[in-house]
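Participant: Have a look at the structure that comes next, please.
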Amino acid sequence: MTSLSSGINAEYGVEKHELAINCLYTGFLQPVNVAKVLIQVGYEPLAPVYKGPTLMFFSGGFYYPNIFKYMQYLKDREGTYLVLYRGLVPRLGGTIVSNTVRNEVLGMIPKSETKCPPEQVLCEVGRQCAATTAAVLASHPFLVITNRMIVAIIGSEDRYSSAIGAVGSILSDQGIQGFYAGIIPHLICEVSGRAMEVLLEEVYEKFDLNKRLGLPFDSKHALPVSSLHSFLSYPLQLTTTIMTVSTSGMAVSELPAMEGTSSGMLSCLSSLWKTGCMKRGSNLMFMRKAPTCTVITPPPPAPPATESKGAESGAEATKEE
């Protein structure tokens, strides 16, 4: 069995320097991840503003501020930028565990030696899917811990303020199964993405499509497979985030956007479909259009207390006369 330090399977695995880059990239984007998770569960502390039809806003309506104003709000509320790095430690741990397990499994499963190209493709897809499945199963508890530490910001719940506290809370409230909340949509999303990516790359390589199509470059590395799959599977990503926290008993469970999402993956997807929120949290850089159901018209301002008292005293004086 080969270890991560040897940098095995460079074609599909992750070497040491690549893992270090992944960890730095994860840490750099953690503030974005914190805001994204909170938006995905429906936490919108900033009121939407109305924008009329313009070149940027094709249809008029209510729009939430972009992610930068969202992060600024979190910083102002907590009084420190550290809130934007909540859950970073378990997230880094999940990245390391996922890549380590994937490389270990790839090292244990030999590549197919068959001469038939279709069989080679199918065997490699199965090999990669097995490695991805093991990696997701091993790293999913870290995702649950990360997400619950982040959503604890909503209710200022101290027991989820650290990774150790989060582990203890999950064990006491839900047991071991609490660490695997949302595992089914996570598995479907990751395995399907890996299968699609490896299948297309293997087909291009085994059947030498570059020469057959007359392409002047290595097209298998130019395919936007990851971006395409990320777009198509976003509802599963959103469902995974929601299910990791919906049964936690935390303040996030009481949000209106979480209603009907705690019974399972299908009920969660159905609730998101009915409310038109299948892409909630996918657009972060620009202002996000608020669903009609979430826009609440504020009540008219009450009249000043001094005026009401003056009116009452005037009415009493009139009666006395």
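Participant: Compute, for K279, the solvent-accessible surface of its heavy atoms (probe 1.4 Å) with the complete set of protein chains present, and express it in square angstrom to the nearest 10.
Facilitator: Here the accessible area works out near 80 Å².
Participant: Between K69 and I184, take the C-beta separation as r, use R0 = 25 Å, and let me know the FRET efficiency to the nearest 0.05.
Facilitator: For K69 and I184, the calculated efficiency is 0.15.
Participant: Rounded to a whole number of µm²/s, how large is the Stokes-Einstein D of region 109-186 at 20 °C and 1.002 mPa s, given Rh as the Kirkwood radius over C-alpha pairs?
Facilitator: 144 µm²/s
Participant: Taking the Cβ-Cβ separation of I109 and L228 as r and a Förster radius of 41 Å, what is the calculated FRET efficiency to the nearest 0.05?
Facilitator: Rounded to the nearest 0.05, the efficiency is 0.95.
Participant: How big is the dipole moment of region 114-169 about its Cα centre under a simple scheme where the beta carbon of each Lys and Arg is +1, that of each Asp and Glu is -1, and everything else is neutral? Debye, nearest 20, please.
Facilitator: Its charge dipole is roughly 80 debye.
Participant: Which FRET efficiency, nearest 0.05, do W273 and K16 yield, Cβ-Cβ r, R0 56 Å?
Facilitator: 0.85
Participant: Ok, one more. In the P(r) worked out for region 169-208, what percent of Cα pairs fall beyond 14 Å?
Facilitator: That fraction is 63 percent.
Participant: Using packing as a proxy for protection, rank 132-144, 187-199 so that the peptide with the highest average count of other Cβ atoms within 10 Å comes first.
Facilitator: Most protected by this proxy first, the peptides run 132-144, 187-199.
Participant: Take a quick pass over region 20-174 and tell me how many lysine pairs come in under 29 angstrom between Cα atoms, counting only ones 8 or more apart or on separate chains.
Facilitator: Within region 20-174, the lysine pair count is 5.
Participant: For region 28-173, what does the convex hull of the Cα positions come to per residue, in cubic angstrom?
Facilitator: Spread over its residues, the Cα hull of region 28-173 gives 178 Å³ apiece.
The values are calculated or read from the model by the stated rules, or taken from the named source; none is laboratory data. These numbers come from a predicted model, not from an experiment. Glycine also receives a Cβ, built like all others from the backbone with ideal geometry; neighbour counts cover every protein chain displayed. Each accessible area value is taken on the protein alone, full model and side chains, heavy atoms only, with ligands, DNA and RNA left out. Shrake-Rupley method; radii C 1.70, N 1.55, O 1.52, S 1.80 Å.
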